[in-house]
Amino acid sequence: MIVAILLSLSGSSAVSHVAPYEVAAPIAWSAKRALKWSDFRGAPPSANDSEQRPSGTPDRERHSGSRSSHAALTTCTLRISVTDSASSEQQRGGQWRCTVRLSSVKAEALFEPSKSWVRPGAESTALLAHEQIHFDLGHIQSCRALARITRELASQTFTAQGTDSRMAESAARGKFTRAADRIIAEERAALNARNELYDAETAHGTKPDEQKRWAEMIERELRELGEYRRATR
């Protein structure tokens, strides 16, 4: 299964302006490539845009404050792909038993250029550094999700029985999927919470001391992952 977690994260306030909308391919996080303002190709909302969230909008797409007052917005997709392997055998009495195990897991953070934007005139180095950390947080969480899914699911087997092999396999895979979905949902919630804390403590990048503290903390975490990014901004 593939789970895409869409996170829309906002920067500080600025004047309103509508820019042309461009469609562009997602950008995978890389220690060798920092974000550039040219990566932000979406159209900022105008001051006349509705500030009401549509009913049914997922929590992960909520914005703190008014979208039309922000200077920039970073949209990051946390993509997690989990595959399994299944083996079935017929038991005495005719029942079938299926065992499902984790086969592989991949996780990555993707920056969405077409859904990310910056208002003309707001393209400062400080604001770009703030937006980069939103992307960094997505990458760090993808690494944590990868490690946790591997740790918790690789050691488990998910078994079920049925009157035929298809029924047994469906039931076993259902158990596996529910276990994976639970972890992914918890990792998504953790990432959402951390991004909200980051924006709250830095006031969307407008508190220099707090921004510096977060930048140093994230740099340490990237170093621990062996992915220190040299200053390229």
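No value in this document is a laboratory result; all are computed from the given coordinates. Owing to the predicted nature of the structure, the values given are computational and were not obtained by experimental measurement. Glycine also receives a Cβ, built like all others from the backbone with ideal geometry; neighbour counts cover every protein chain displayed.
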*How many nm separate the modelled label positions at residue 185 and residue 152, each set 7 Å beyond the Cα in the direction of the Cβ?*
1.1 nm
*Among all the lysines, which ones have a C-alpha under 26 Å from residue 207's C-alpha, if same-chain residues fewer than 8 places away are not counted?*
36, 115
_Run through the range 141-233 and list the chymotrypsin sites (Phe, Trp or Tyr not before Pro) located in a DSSP loop whose Cβ has at most 15 other Cβ atoms within 10 Å._
228
*Stokes-Einstein translational diffusion, the range 69-210 - Kirkwood Rh over all Cα pairs, 1.306 mPa s, 10 °C, in µm²/s*: 90 µm²/s
